[in-house]
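In what follows, a structure is listed as structure tokens, so that the remarks can point back to it.
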Amino acid sequence: MIDMNLNNFAMKFVKKISGSNLQKLGNNSFVSKQIEKARKKGFDNWHLLNYGIKMYVDPTDPHLLSMVEGKDPEQNVKEIFYENICPGDIVIDVGANIGDYTLLACTKVGTSGKILSFEPLSETFLTLERNLQLNEFTNCGYFQKAIGEKPGLANLYKNNLSGTMGHLDSSLNGKNLIKKDYRLAVYGKVEFFNGYQILHPDYDKIDLDIDPINTGSIVALYPLTGEFKKVKIEHRFFRRLMKQAEPYTEIVKDYYDSELLDKEKLISLRKAIKNIHFPESTMDLELSIKRLKFDEHFFLQLLMVLRKFSIKKINTKPFKINGKKVKKIIDGLGFKLTNAQNKVIKEINSDIIGNSAMNRLLQGDVGSGKTIIAIISAIVSVENNMQVAIMAPTEILAQQHYQSFKKYLDMVQISCALIVGKQKSTEKEKILYALKDGKINIIIGTHSLIQKNVKFKNLGLIVVDEQHRFGVLQRGNLLNKGIQPHLLAMTATPIPRTMAITYHGDMDLSIIDEMPKNRKKIITKVVNEKRLIKVYEFMKQEIITGKQCIVVYPLVEETKKSDLSAATEGFEKLKKVFNNANLGLIHGKMKKSEKDTIMEKFVNNTINILVSTTVIEVGIDVPNASVILIEHSERFGLTQLHQLRGRVGRGTAKSYCILVERIVTANSKKRLEILEKTSDGFIIADEDLKMRGPGKFFSTEQSGFFNYKLADMINDGPIIRKARSVAKTIVEEDPKLDNHILMKQRLLNEYSEYFDTINIT
């Protein structure tokens, strides 16, 4: 039996702080620390080197064995605990065990603070006392007592598996502990360690629990991560909390009226919340999931529909389609536009002759001919006395666009300039002055175009290439430089339909689904490193016939340093393999002048093999390049590989994509086989989405859109389309959501940062 009465000294301090507010643990980041071990006779001295603490630890105790081995499972918790204690604090350690937390607190509170440690087990208490004496701490009072709700006596049961641990009988503090002769329903993983055991089982007391929540039904499992883990909240405790909260579902108000719920076959929000935690049947659970998924998709669709409607309301000056300069360009192309290209041109013209600003996404596979459409659209804008801004994600791609545009614009006497970050200040200032004065019709650049010093006389059209690389706010900054300019966004990344209507739901969509007739299919082969000798011999033959090759190295460990290192080392190895060829190396760390020189040499065929990092994913157009070899292809996403593959096959010669798979897994094998079988970017994008999820398609900033808890963009296509239809109907009838107050509030709470064009307040 354990005495639970506190002496006057301890009680004084407990009463002193009992009414105090407890400090909330902050969102601290931490780094795992190495624990040095030093074995001694019978006991181990465990050193927390960063805190200067020594402890006696019994290495025969399985619970403490992890400490001895330097793998303390609570190390992260201890670091958070330590960081949140301040000098002068009073700390009470209930169930102090051998004193690891007590000792940490002693080092932090100083002489002005106080520690009260309580440990009822006699053997454990002796080790606690010994550890305090070992470190010569005088700011701690320690007591062989247990803490309960009221004074008295209670049974203390020792854990046979760990000599330092035990638990109190429930006689003093209620109903939670198990007694002899209880009948239990138990669920958990059975393991063997000094006998059969179930660690941390879920259980219900059959005779006492009127409404069991842990067994005998569909039981909820929660992703208890982050803050929950820090404070050791587990499933059973969280279920109890949810059960206690269950009656309060009666006060939940719905976003939708009964008519809409009936029409869309949705259950009420009240039922959904209740049944998602404690469903009585699988049907209840499925209906709850459907309803909550619908809500998540609906509010994102509501945002997109509102953005689209807001943009459509922006009045702009209608363009006139002259056609003379456009016709001259088309006649001088040397090839015929595809039916898909002509269809897209008509869709764009239909937008710009109207009174509303165009907001269109042009989606086309690599080499489908998006650039010429952008050129034609730009010419129409200039014919209407408006300026055009072309924004590309990289300087290489911006340079390529400049060369492509200038080639055609010179034919119709339209001025064009390039502005990038690394230009000389005098050159840049000259361009900026001419742009502001209206003497430059078309400006091409990177994100530098959104800088404050870039001003236009009359910006009428913005073309954003590889638009998924720019955030919503970046595009918005560029739009603000004109008075209701038209926006044409382009991407060579085929976007799955569910993603298109979700992330790009505020835009009209045009698709080029037809390749030029002169484009030959690229032969794609997956090889292991053992076949590289044959591949190198094949590349040598291609070079002898006058063709060129590209070798790409991946981003390794997601650091630019390793990216560069991999390409540099590969370059040196390849120089020995291709000792009779001219090789060039290009990477993101090079100066612009160096990259330009290498690219110029490659374009002019004075470099036979270009070795590169993924910097060439976009931005290279060399018709003479016939082979691209991609190292460690298993590290890339399918869509990225598809884009890299598009760097060859841009001429009339047969072209090849060699995918080197160095680490073979079942998943990588399946993924790369897709590239071998199809060149359809949309099929590839669908498969990539299924395998990697939406977060891999977009930057961190953009994937913040998808704050889904239950919703699934990959498999929820029907729900997404239904949610969009409902959102569209609501916005048409109530554009400011004045009759949908709860709906408006949730939208404002979750997505207000994206309200650049929306006004519903």
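Where a number appears in this text, it was derived from the coordinates with a stated rule and is not lab data. This structure is a prediction, so every number in the text was calculated from the model and none was measured. With ideal geometry, Cβ positions are generated from the backbone for all residues, glycine too; neighbour counts draw on all protein chains shown.
Ordered from longest to shortest, the equivalent ellipsoid semi-axes for region 204-281 are 28, 17, 11 Å, each the square root of 5 times a Cα gyration tensor eigenvalue. For the listed peptides 239-245, 329-335, 543-549, a ranking on the average number of other beta carbons within 10 Å per residue, highest first, reads 543-549, 239-245, 329-335. Averaged over residues, the count of other Cβ atoms within 10 Å places the peptides 741-754, 182-195, 108-121, 90-103 in the sequence 90-103, 108-121, 741-754, 182-195, highest first. Taking each residue as 0.36 nm, the span from Glu600 to Ser258 lengthens on full extension beyond its C-alpha to C-alpha distance by 116.5 nm.
With 5 Å bins beginning at zero, the pair-distance distribution over Cα atoms of region 522-678 amounts to 2, 9, 20, 24, 23, 15, 6, 1, 0 %.
How would region 179-247 be classified by its alpha-carbon gyration tensor: rounded, prolate or oblate, with rounded meaning a/c under 1.5 and the a/b versus b/c comparison settling the rest?
Details: a/c = 2.18, a/b = 1.15, b/c = 1.90.
Since a/c reaches 1.5 but b/c is at least a/b, the shape of region 179-247 is classed as oblate.
Distances between placed amide hydrogens fall under 5 Å for Ile511 paired with Gln363, all partners being 5 or more residues away or on another chain.
Residues whose amide H comes within less than 5 Å of that of Val464, counting only those at least five positions distant or on another chain, are Met391, Leu488, Ala489, Met490 (H built at 1.01 Å from N in the peptide plane).
Per-residue 3J(HN,Hα) values for region 651-665, derived from phi via the Karplus relation 6.51 cos²θ - 1.76 cosθ + 1.60 with θ = phi - 60°, read x, 9, 7, 5, 10, 9, 10, 9, 9, 8, 9, 9, 10, 8, 10 Hz in sequence order (x marks Gly and Pro). The shape of region 304-397 can be summarised by an equivalent ellipsoid whose semi-axes, obtained from the alpha carbon gyration tensor, come to 23, 18, 14 Å from longest to shortest. Under 5 Å between amide hydrogens, built in the peptide plane, is the criterion, and for Ile90 it picks out Lys114 among residues at least 5 positions away or on other chains. Residue ranges 254-262, 720-728, 392-400 sort as 392-400, 720-728, 254-262 when ordered by packing (mean number of other C-beta atoms within 10 Å per residue, highest first). Across region 591-597, computed HN-Hα scalar couplings (Karplus, 6.51 cos²θ - 1.76 cosθ + 1.60, θ = phi - 60°) run 5, 4, 4, 5, 5, 4, 5 Hz from first to last residue, x flagging Gly and Pro.
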